[in-house]
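I have placed the structure first, in the form of structure tokens, so that the comments after it can refer back to it.
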Amino acid sequence: MRFSPTIILLLFVLDIIIIFVLVVPQYNQFSQALLEFKTKKADLENFQKNLNYLQDLDRKLEENKDLLAKINAILPDSSHSNQAQLIYFIEKTAEDNGGLITDITLGLPKPYREKNQNTLAQSTLAQPKIYQRELSFNLVASYPGFIQFLSQIERSSLFIKVTQIDISKTNFENLLSFRLKGKTFLYKD
């Protein structure tokens, strides 16, 4: 049985049309579904790894519950949130500028209210989020060292505002004693 060349050509063109109309779109859908499957499988594996890691951490925290309770007991409470950082910063800044801090005093945090805030608005507010703490300290330094110190603490991220400066002489040549009073502000959640 012999087929004519036109029938063979017609069958060949028909096969190509069937391939491009039926097979190629199905293959593209399959490839897209396979890619989505691999992506979701990788996401699931990463999620499982993270879950295992968190479960391991939870187990370790549970094992060390007594130690964590001791650590929490010695940490300062939120009312003294940045006290140590503030003292360290003031002393380090004074030292960097050739000065010495003595007699540092920090007050307790008090809610900060704007001067133009009316009393009705104050009563409707819940707990304030911004607190202020008064501070005072003595600085023994040269005048140029004092100016540099003052510039650095007022530009710091600790929000220190100097409100009063008293200057007196010392027994040392080129050194003055500065009594500074100011305020620092802190944010509580």
Checked pairs for the stretch 80-106, first under 19 Å from TYR131 (Cβ atoms), second of a type in the set (Gly, Ala, Ser) and at pLDDT below 90, C-beta under 9 Å and 6 or more apart or across chains, list as PHE89/SER156
Read through the list (1) at pLDDT 85 or above; (2) crowded, with 18+ Cβ neighbours inside 10 Å, then give the number of the only condition that GLU134 fails. (2)
If a residue must be touching a residue at least 24 places away in the same chain (Cβ under 8 Å), in a loop (DSSP other than H, G, I, E, B) and not aromatic (Phe, Trp, Tyr), how many such residues does the stretch 139-163 contain? 3
Any idea which of LEU139, LEU158 is modelled with pLDDT under 80, surrounded by 12 or more Cβ atoms within 10 Å (Cβ to Cβ) and within 16 Å of TYR88 (Cα to Cα)? LEU158
Matching residues in the stretch 142-155 (surrounded by 15 or more Cβ atoms within 10 Å (Cβ to Cβ) and under 14 Å from LEU100 (Cα atoms)) number 6
Look through ILE104, ILE16 and report the one residue that is at pLDDT 85 or above, in the same structural domain as LEU158 (by TED's automatic domain parsing) and either part of a strand (DSSP E or B) or more than 30 Å from GLU173 (Cα to Cα) (or both). ILE104
Return a yes/no flag: does the stretch 163-175 have any residue that is crowded, with 17+ Cβ neighbours inside 10 Å and under 19 Å from ILE87 (Cβ atoms). no
Which count do you get for residues in the stretch 158-185 that are over 20 Å from SER142 (Cα atoms) and aliphatic (A, V, I, L, M)? 2
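The values are calculated or read from the model by the stated rules, or taken from the named source; none is laboratory data. Just so you know, these numbers come straight off a predicted model, no measurement behind them. Note that we place each Cβ from the backbone using ideal geometry, even for glycine, and neighbour counts take in every protein chain shown.
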